[in-house]
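To keep things clear, I will list the structure first and then write my remarks on it.
Read-outs throughout are calculated quantities, based only on the coordinates presented, and are distinct from any laboratory measurement. Worth saying up front: this structure is predicted, and the values here are computed from it rather than measured. Ideal geometry is used to build each Cβ from the backbone, glycine not excepted, and the neighbour counts take in all protein chains shown.
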Amino acid sequence: MANKPLQFVLIERKMSIGPQSGKTVQIVQIVQPTGRHRVDFRSFCERVAKSTTFNRQEVEAVLNYATEIARDIVANGDIVEFGDLGTLKPSFKSKAVEVGKPFRAQEHIEKPVVLFSPSKKYFTLTDMTYEQTTLNQRKGRSLLPPNLMKARILVWGFNQSSGMILYINV
């Protein structure tokens, strides 16, 4: 069970999607998580190492090597079940080609990527508590009025350059 409540703030936004979009201006309240801290890879590996017989460097090496091997397997067209995290599988974007015109894979298939499908069981947090806080302005940053702030988008992916499986795009 989590021992620290997930902090959130209430923010007012103008509704711009859904059945009321474009008709009347409707202000709604949304909840946005706050008070989060990033745990870097070394710190994460140190915490894993404390409960195993491995040291931090060995944990780092195993995790990095596991992501490298998984990427190689997916690059060969296979799907990797990555433990409790989920699955990794190959995918790509392609251009639409009119019927009757020849389809050329080298020309029309682009952007091959590794897709990560998180395990619903693992990534569903059921033991959370919540705590409402106020929005603090960080030093050197100005806050936009709530109605001009854009929503944050969570993106699951595989960053090929760093070898990390998950990342957040804000």
inquiry  = Taking a ≥ b ≥ c as the square roots of the Cα gyration tensor eigenvalues, with a/c under 1.5 meaning rounded and otherwise prolate when a/b beats b/c, else oblate, which class fits region 1-120?
reply    = oblate
R0 of 41 Å, Cβ-Cβ distance Thr53-His108: FRET efficiency to nearest 0.05 = 0.20
note = Rounded to one decimal in nm, the spacing of the 7 Å Cα→Cβ label points at Lys121 and Leu10 is 3.8
request  = Set the Förster radius R0 to 45 Å, insert the Cβ-Cβ distance between Val97 and Ala61 as r into 1/(1 + (r/R0)^6), and round the FRET efficiency to 0.05.
outcome  = 0.50
request  = Take the alpha carbon gyration tensor of region 30-71, find the square roots of its eigenvalues, order them as a ≥ b ≥ c, and report rounded if a/c is under 1.5; if not, report prolate when a/b exceeds b/c, else oblate.
outcome  = oblate
request  = Using DSSP to define loop residues, name the trypsin sites (Lys or Arg not before Pro) in region 51-142 whose beta-carbon has at most 11 other beta-carbon atoms within 10 Å.
outcome  = Lys95, Arg104, Arg138, Lys139, Arg141
